[in-house]
1. Could you please let me know if residue 78 is at pLDDT 95 or above and within 10 Å of the ligand (Cβ to nearest atom)?
2. Would you please list the contacts, defined by Cβ atoms under 7 Å and residues six or more apart or on different chains, that run from a residue in the range 92-108 that is at pLDDT 95 or above to a residue that is of a type in the set (Asp, Glu)?
3. Which is surrounded by fewer than 17 Cβ atoms within 10 Å (Cβ to Cβ) and more than 15 Å from the ligand (Cβ to nearest atom), of 91, 110?
4. Quick check on the range 16-28. Is at least one of its residues aliphatic (A, V, I, L, M), surrounded by fewer than 13 Cβ atoms within 10 Å (Cβ to Cβ) and at pLDDT 95 or above?
5. Scan the range 45-60 for residues that are surrounded by 12 or more Cβ atoms within 10 Å (Cβ to Cβ) and either farther than 19 Å from residue 7 by Cβ or more than 8 Å from the ligand (Cβ to nearest atom) (or both) and report the count.
6. Would you be able to tell me the number of residues in the range 20-50 that are more than 19 Å from residue 104 (Cα to Cα) and either assigned to a helix (DSSP H, G or I) or touching a residue at least 40 places away in the same chain (Cβ under 8 Å) (or both)?
7. Consider the range 76-102. How many of its residues are more than 13 Å from the chain's Cα centre (by Cα) and closer than 18 Å to residue 31 by Cβ?
8. For the condition assigned to a loop (DSSP other than H, G, I, E, B) and within 17 Å of residue 98 (Cβ to Cβ), what is the one hit in 53, 1?
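The values are calculated or read from the model by the stated rules, or taken from the named source; none is laboratory data. Since we're looking at a predicted model, the values are computed, not measured. Here the Cβ positions follow ideal geometry from the backbone for every residue, glycine too, while neighbour counts run over all protein chains shown.
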Amino acid sequence: MAVTETQIVELVDAFYAKIRADSVLGPVFDRAIAPESWPVHLAKMYDFWSSVMLTTGRYKGNPLGTHFKVEGLQPEMFARWLGLFNATAGELFPPEIAEDFRVKSERIAESLKLGLFFRPELGLMIRPSS
Ligand code: HEM
């Protein structure tokens, strides 16, 4: 059973509502994304998850490079991010689809964490210059 684009929009909207209300992650996102820029961020995340789950290729970005610029990002925050993400997927979807999101989100989180904190020299090559 494949996830639909509509379900991806529901997941992203519900997840970032939780993120913005979170005492640890909320402030990190507030610093990085101005209130009027949230629709742009959400649209990017619909594209990202559409590319990951449905291989639509709609997302054209550089997640590792972007996260190098996120002020206050700490390695321990990934477990919290994943906790909220998987709780949201579990609330919205049947177990099979929620599990698919869990596996993929954990794999991507791990590779971001490795790139950011355990191979920081990568930032010299891919960090955007601005
Ligand atoms: C501790 C965990 C995380 C924090 C605090 C965090 C924070 C952020 C912030 C603040 C932005 C917006 C940056 C900007 O526009 O200037 C962002 C963008 C993004 N995040 Fe995360 N993130 C985390 C984990 C993840 C994970 C695990 C994924 C994927 C599974 C992810 C995927 C993305 C993507 C695709 C973007 C858009 C990048 C682009 O601009 O193309 N993030 N994140």
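1. yes
2. 92/10
3. Going through 91, 110 in turn, the sole match is 91.
4. yes
5. Number satisfying all stated conditions: 9.
6. Residues flagged as more than 19 Å from residue 104 (Cα to Cα) and either assigned to a helix (DSSP H, G or I) or touching a residue at least 40 places away in the same chain (Cβ under 8 Å) (or both) within the range 20-50 amount to 20.
7. Residues meeting the conditions: 1.
8. Answer to the selection: 1.
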